[in-house]
Every structure is written in C-alpha cells, then in structure tokens.
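The values are calculated or read from the model by the stated rules, or taken from the named source; none is laboratory data. Quantities reported herein were computed from a predicted structural model and do not represent experimental measurements. Every residue, glycine as well, gets a Cβ built from its backbone with ideal geometry; the counts of neighbours run over all protein chains shown. Quick note on the areas: whole protein, heavy atoms, side chains included, nothing else; ligands and nucleic acids left out. Shrake-Rupley method; radii C 1.70, N 1.55, O 1.52, S 1.80 Å.
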Amino acid sequence: MLKGKHIILGITGGIAAYKCATLTRLLIKAGAEVQVIMTPNAKQFIQPLTLSTLSGKPVISEFFTANTGQWNSHVDLGLWADALIIAPATASTIGKMANGVADNMLVTTYLSAKAPVFVAPAMDLDMMRHPSTVRNLELLRNYGNHIIEPAEGELASHLIGKGRMEEPENILKALDRFFAAKEDLKGKRVLITAGPTVEKIDPVRYISNFSSGKMGFALAEECASRGAEVTLVAGPVTLKTPEGNIERIDVTTAVEMHDAVMKALPESDAVILCAAVADYRVENVADSKIKREKTQNPVIQLIPNPDIARAVGQAKRPDQVTVGFALETDNEQANAQGKLERKNLNFIVMNSLRDKNAGFQVDTNKVTIITDRGETIEGECKSKRDVARDITDVLYKYLTEK
Ligand code: C5P
C-alpha cells in the first residue's frame with residue numbers, strides 16, 4: 001500500500017529516535033519515498049548521515065541551508081506529502097503541534113501539511129501521564145491526527161509503564177492499514193446502541209451503570225470511516241460524536257432507546273447492540289424528591305425493561321445482521337453462547353470484567369467473538385478503536401458472505 005507514497009518522517013529529540021533508522025529502512029523497502037525532517041535536538045540522538053543514506057535524500061532540519069542560503073519550503077513539503085509521521089514525538093513537539101508553536105522546520109511543515117498526520121509519542125511514564133500531555137494529545141486527536149499509542153514496557157529511565165514508542169513494524173502496519181482503508185461498508189446502514197441507560201427513582205436520583213459509551217462510539221467511528229451511514233443511539237454519555245456520516249440520537253431510558261432502535265431497524269443492514277441497557281426500571285417513580293424525614297425505608301419497586309436485543313432478534317429480516325455484547329463476570333463463554341441464541345444474534349462480542357484493562361471506562365478492551373457459524377475468535381488487549389476494527393471486519397464478512 002505504501003508503494004510510491006510520499007512520506008515525511010519527522011524525528012524529534014527522544015531516545016527512541018534510534019528506531020527511526022529501522023523505520024526509514026522499512027518505509028523504503030515498502031516502496032515509499034521518504035523525506036526526513038529532524039528537529040535540532042533529534043540530531044543529538046541519531047546522525048542525519050544515517051537517515052539521509054537510508055532514505056536517499058538529504059535530511060532537512062533548518063529553514064535555510066546555511067552555506068547556500070537556500071530556503072527549505074515547508075509549504076512545498078506539506079503539499080508533497082501523502083502522509084506525515086512524527087516519530088518519536090516528544091512531549092515538547094506534541095505541545096508545539098497542539099498549540100501552533102512553529103519555531104522549527106518540523107512543526108512549521110506540520111502546520112502546512114494537508115496530508116494525514118500520524119503521531120507516535122515516546123516519553124517517560126510521568127510525562128506521558130501529565131495533564132498537559134494528555135490534553136495536548138487530545139487536541140491532536142481532535143485535529144484529526146492519528147495517534148499511534150505508545151507501548152507499555154521498560155522505558156529509558158528504567159521505569160516500567162506506558163511511553164515506549166511503538167515498534168517501527170507496527171507504525172508501518174498502521175500506515176499500511178490507513179492507505180488500505182477501503183470504503184467496504186459504503187451503501188450500508190449500521191445502527192449502533194452505546195452507553196448506559198438511566199432510569200429515574202425520583203426527580204434527582206436514578207439507577208444506571210458504569211458504561212462510558214467508548215466502545216460503541218469507537219464502533220460508530222470505525223463503521224463511518226469505512227463508508228457506512230451510521231445511526232448512533234446513545235444513552236447519557238460525555239463523548240463527542242465522531243467524525244463522519246453519523247446521525248446521533250440521544251436517549252435517556254431503556255424504553256426510549258428501544259423505541260429509537262425499533263424505528264430505525266427496518267432501514268438498517270446491521271445492528272450493533274453495544275449499550276449497557278438497564279434490565280429494570282422503577283415502577284413507582286416518585287413525583288417529588290424522596291425525603292429521609294418522611295420515608296424511612298423506601299421501597300423501590302423494579303419492573304423489567306424491554307430487552308432491545310431480543311426485540312431486534314425477533315423482528316429482524318434474514319438479510320439483517322445483528323451483533324450483541326456480553327459483559328460477564330463469570331461463566332463467560334456459556335453465558336455469551338446463551339445470549340447469542342436467545343437474542344437471535346449473528347455474533348456476540350464477549351468481554352470479562354475479570355480481565356485487566358477491559359470493560360467499563362477504560363480505553364482498551366479484550367474481547368472474544370463467538371459467531372452463530374460456530375467460530376470463536378479470541379483477541380488480545382487492544383485499544384477500543386482496534387477492537388472496533390476487528391468487530392467490523394467480522395461484520396463485513398456477514399454482510400457480504402450471506
Ligand atoms: O444485559 P445483557 O448481558 O443480556 O446484554 C447482552 C446484549 O443485549 C448486549 O448486546 C446489550 O446491548 C443487549 N441488551 C439490550 N437490551 C436490554 C439488555 C441488553 O439490547 N434490555
């Protein structure tokens with residue numbers, strides 16, 4: 001996929017810069033043309049000579065070439081590039097990119113570039129966790145830049161944690177995937193539920209759960225990026241609607257979510273039921289705030305909510321594909337298999353609260369996909385976006401191999 005592509009590799013001053021020799025080599029081997037831009041500090045970590053030899057082009061670092069007075073045009077470079085990779089991206093460069101501090105050739109080129117930008121951060125554990133880094137990375141994400149998450153492991157400081165620049169092979173894979181990105185869901189309508197539902201007890205209290213909506217939103221983003229028209233029915237969450245062709249319908253209760261889903265169902269080619277729907281709602285919702293002085297032992301009477309997945313399973317046409325989720329704490333496989341059958345799903349995505357870094361609130365997930373064709377596909381712990389890609393790949397197969 002990288003054959004003939006123009007890649008700017010921006011290297012900044014971190015120890016992981018040594019990995020850029022390999023990254024340059026891999027890009028060239030994949031058929032790309034590579035222009036290396038280094039920040040002044042990057043040259044302390046790796047010699048420009050190494051990179052110019054591997055890339056076959058002089059490395060650019062300054063606005064002007066001192067001895068010839070030739071101006072290096074950041075605008076031309078920005079237009080030439082099919083992609084810009086900043087690896088390693090230090091906290092300082094990330095901060096400059098986030099805030100438009102164009103005091104070197106690399107950040108200036110970044111601000112001019114129209115091409116997609118990939119950022120592979122690398123820094124020490126505490127720098128990575130600092131609120132300014134977190135905020136700046138969030139800003140870059142909001143600008144549409146692709147963050148290649150750093151890996152966990154031993155850092156240059158010998159601390160263990162998140163902050164290692166992703167390995168060159170994986171950076172190459174991320175780029176390859178980007179250029180391979182097909183609009184394979186074009187013309188398909190995908191209905192997704194996400195987040196929790198909230199069921200009132202009285203005007204100020206409610207019953208809900210810890211779902212953040214992150215998995216459902218990642219699925220909406222993935223499906224939209226692959227060309228699908230997405231309807232995202234979201235319970236109360238604090239997430240921004242991802243970019244792309246996504247119609248978001250905000251709901252509060254399970255009944256509202258049920259009604260929104262059943263309305264959109266006939267038009268949908270696929271339904272992904274990712275929401276953590278409250279199984280019960282309060283029958284005797286109080287009209288005014290329940291007061292301790294008046295009601296010593298209030299009894300909250302619960303009644304079952306509609307099972308949206310089951311209702312979809314009953315109403316669906318044979319050409320519609322349905323996907324459920326099963327978050328379990330024990331007996332995972334058997335419970336998920338039961339839900340697959342009861343809810344008439346094509347496949348179910350199972351995760352366990354016993355797995356670290358999986359489930360509610362976190363940005364990562366570890367899932368096993370069980371299909372009605374008898375397959376069990378076990379995944380690693382990955383970012384929710386990567387898990388969304390794996391789920392969408394299975395969905396794509398169902399939509400096309402019926
Ligand atoms: O809650 P449970 O574990 O049964 O959820 C399994 C699947 O059913 C999930 O896909 C969830 O979104 C869906 N579900 C639903 N409506 C409910 C309960 C669950 O759509 N009332």
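If we restrict to alpha carbons, what Rg and Dmax does segment 309-388 come to, in Å?
For segment 309-388, the Cα radius of gyration and maximum Cα-Cα distance read 12.8, 38 Å.
On C-alpha positions alone, give me the angle between the axis of helix 131-142 and the longest principal axis of the chain, in degrees, nearest 10.
The two axes meet at around 90 degrees.
Do me a favour and compute the ellipsoid semi-axes for segment 96-225 from its Cα gyration tensor, root of five times each eigenvalue, largest one first, whole Å.
Output for segment 96-225: semi-axes of 32, 23, 17 Å.
Answer with one residue from Leu23, Gly359, Val271: the one whose Cα lies farthest towards the positive end of the charge dipole of the chain, charges on Cβ with Lys, Arg +1 and Asp, Glu -1.
The residue sitting most towards the positive pole is Leu23.
Determine the dipole magnitude for segment 107-186: charges of +1 sit on the beta-carbon of Lys and Arg, -1 on that of Asp and Glu, nothing else is charged, the reference point is the Cα centre, and the result goes in debye to the nearest 20.
I would put it at about 360 debye.
Kindly rank 202-208, 162-168 from highest to lowest mean number of other beta carbons found within 10 Å of each residue.
Put in order of decreasing packing, that is 162-168, 202-208.
At a Förster distance of 60 Å, what's the computed FRET efficiency of Val285 paired with Ala66, Cβ-Cβ distance as r, to 0.05?
Calculated transfer efficiency: 0.20.
Please report, in cubic angstrom per residue, the volume enclosed by the convex hull of the alpha-carbon atoms of the chain. Walk me through the intermediate numbers first.
Details: hull volume 67.8 nm³, N = 402.
Given the Cα convex hull of the chain, per-residue volume reads 169 Å³.
Sort 284-291, 383-390 by packing, meaning the average of other beta carbons within 10 Å per residue, with the highest value first. Walk me through the numbers before you get to the answer.
Numbers: 284-291: 11.8, 383-390: 20.8.
Averaged packing, sorted descending, gives the order 383-390, 284-291.
State the Cα centre-to-centre distance between segment 102-150 and segment 1-48 in whole Å.
Here the answer is 16 Å between Cα centres.
Obtain the radius of gyration and the Kirkwood radius of segment 5-122 from its C-alpha atoms and give Rg over Rh.
0.92
After finding the eigenvalues of the alpha carbon gyration tensor for segment 150-251, what semi-axes result from the square roots of 5 times each, listed largest first in whole Å?
Rounded to whole Å, the semi-axes are 33, 25, 7.
Based on the mean of other Cβ atoms within 10 Å per residue, sort peptides 190-199, 119-128, 310-319 so the most packed one is first. Let's see the in-between values first.
Details: 190-199: 26.3, 119-128: 21.5, 310-319: 14.4.
Top to bottom by mean Cβ count within 10 Å: 190-199, 119-128, 310-319.
Across 5 Å bins from the origin, how do the percents of Cα pairs in segment 200-352 run, short distances first?
Over segment 200-352, the share of Cα pairs per 5 Å bin runs 2, 8, 16, 19, 19, 15, 10, 6, 4, 2, 1, 0 percent.
Please work out how much accessible surface Trp80 shows to a 1.4 Å probe, ignoring ligands, DNA and RNA, in Å² rounded to 10.
Roughly 70 Å² of Trp80 is accessible to a 1.4 Å probe.
Build a GNM of the chain with springs between Cα atoms under 10 Å: which of Asp269, Asp279, Asp330 gets the top mean-square fluctuation?
Result: Asp330 has the largest fluctuation of those listed.
List the residues whose amide H sits under 5 Å from the amide H of Gly10, counting only those 5 or more places along or on another chain, with H placed 1.01 Å from N in the peptide plane.
Counting only residues 5 or more places away or on other chains, the set is Ile37, Ile85, Ile86, Ala87.
So if I place +1 on the C-beta of Lys and Arg and -1 on the C-beta of Asp and Glu, and nothing else carries charge, what would the dipole magnitude of the chain be about its Cα centre? I want it in debye, nearest 20.
260
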